[in-house]
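Bear in mind these aren't lab numbers, they're just calculated from the coordinates by the rules spelled out. This structure is a prediction, so every number in the text was calculated from the model and none was measured. Please note: Cβ atoms are built from the backbone with ideal geometry, for glycine as well, and neighbour counts cover all protein chains shown.
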Amino acid sequence: MRKTVLLLHTGGTLGMVGGRPHTLKPAPFAEALRARVPELTELANVQLELFSNLDSSEVQPEAWLALARRLHQRLPEVDAAVVTHGTDTLAYTASALSFLLPGLRRPVVLTGSQRPLQEVRSDARLNLIDAVTAALRGPPEVTVCFDSHLYRGNRTVKVKVAEYDAFASPNFPPLGTLGVHAHFLPGLRPRGRPGLLPGLETRVFLLKVFPGLDPALPLLLLPKLRGLVVEAYGAGNVPVEERSGRSLLPLFRAARARRIPVLVVSQAPRNAVELGLYQGGAAIAEEGAIDGGDLTAPAAVTKLMCGLALHPDGPALRRYLETSVAGERS
Ligand code: ASP
């Protein structure tokens, strides 16, 4: 039987017009889709819904939640969903959806493009066709389909601005390849009933450590925060030498005193944090820092936002962050 795929358009370059020397701007999408990729309807019964038409730098957590609600509502009536999205924050939306929609039973495939669908040398047409193919045959989880690869959504990062292979999944192998033949792995096994998280706590900050960082600055932010992600060096190190005047230990102590969870991930894209390996990491672990393993920064931020909404108390939140809930950490 012919399958039905919900196509939710949120915006991004894929649906824009313009380009050098003019600015790229969102444009009417339904007409462009019909004109440029009419063959999509040969693959499936495609139900297009115009969710928004934004550059993804304008996509905020409220939109993730609205998108998750819409998917939760519509997925039982269709076989799968494809979400078109700008590439700039696509990894954040994919990660957020993977946490907001636990127990997913159907594929949700995000895609976008580096050049608008309206252009002749655009990657949009193939990405759309591949995304619908992955929605029909790929695993029942939130994925990203881009440049002939299917990735687990919460493992992706945007790595290129002006080449077609814009996404990578540095710590997890692709869930599918779409060459002459399309191959897919089974992916996650759905656990529990399909759910929808009620919300997110957005009072979260992502701090990237760098030599010369004045510890007084993040200390000023603490009273406004409910959670902090620290992108530390290598295995999870930060400066802790008091004499330099730039030790970050007081920040971790102050966060602990305020019961603000601090999730530590690495600036190095490959491999995982190991807080006991060096003195800097061991010292912050003693102050309660939570080991983020090989979480990407987008996965860490969105998981912390979801975790804080789900588990306001310390030990349950720590357990949630330290274990894999949607395949996001090894
Ligand atoms: N600025 C665009 C966006 O994220 C970039 C893209 O889609 O490639 O919406």
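For the reader, a short list of remarks on this structure follows.
- Qualifying positions in the range 69-96 - buried (at least 23 other Cβ atoms within 10 Å of the Cβ), in a helix (DSSP H, G or I) and either of a type in the set (Gly, Ala, Ser) or away from the ligand (no atom under 16 Å from the Cβ) (or both): 71, 91, 94, 95, 96
- Picking from residues in the range 28-66 that are among the polar types (S, T, N, Q) and farther than 15 Å from residue 131 by Cβ, the one that is farthest from the ligand (Cβ to nearest atom) is 45.
- Hits in the range 128-151 (condition: polar (S, T, N, Q) and surrounded by 24 or more Cβ atoms within 10 Å (Cβ to Cβ)): 143
- All told, residue 142 meets the bar of being touching a strand residue (DSSP E or B) at 6+ places or on another chain (Cβ under 8 Å), within 22 Å of residue 45 (Cα to Cα) and more than 13 Å from the ligand (Cβ to nearest atom).
- If you go through the range 83-99 and pick out every residue that is under 15 Å from residue 188 (Cβ atoms) and in contact (Cβ under 8 Å) with a residue 60 or more places away in the chain, you end up with 4.
- Only one entry of 263, 277, 308 meets the criterion of being touching a residue at least 12 places away in the same chain (Cβ under 8 Å) and in a loop (DSSP other than H, G, I, E, B), and that entry is 277.
- Contact annotation: residue pairs with Cβ atoms under 8 Å, 6 or more positions apart or on different chains, pairing a residue in the range 1-26 that is without any contact (Cβ under 8 Å) to a residue 60 or more places away in the chain and part of a strand (DSSP E or B) with a partner that is surrounded by fewer than 21 Cβ atoms within 10 Å (Cβ to Cβ) and hydrophobic (A, V, I, L, M, F, W, C), are 25/17; 26/54.
- Screening 272, 300 for residues that are touching a residue at least 60 places away in the same chain (Cβ under 8 Å) and under 18 Å from residue 93 (Cα atoms) leaves exactly one candidate, 300.
- On inspection, residue 4 passes the criterion of being touching an Asp or Glu at 6+ places or on another chain (Cβ under 6 Å) and either of a type in the set (Asp, Glu) or more than 16 Å from the ligand (Cβ to nearest atom) (or both).
- Matching residues in the range 189-204 - criterion: being in contact (Cβ under 8 Å) with a residue 24 or more places away in the chain and out of contact with any Lys or Arg (no Cβ under 8 Å at 6 or more places or on another chain): 191, 192, 193, 195, 197, 198, 199, 200, 202
- Residues in the range 277-294 that are within 14 Å of residue 253 (Cβ to Cβ) and either among the acidic types (Asp, Glu) or buried (at least 23 other Cβ atoms within 10 Å of the Cβ) (or both): 284, 286, 287, 289.
- Residue list for the range 183-213, filter: outside any loop (DSSP other than H, G, I, E, B), among the hydrophobic types (A, V, I, L, M, F, W, C) and closer than 27 Å to residue 226 by Cβ: 204, 205, 206, 207
- Residue that is on the phi > 0 side of the Ramachandran plot, within 16 Å of the ligand (Cβ to nearest atom) and crowded, with 19+ Cβ neighbours inside 10 Å, where the choices are 12, 18: 12
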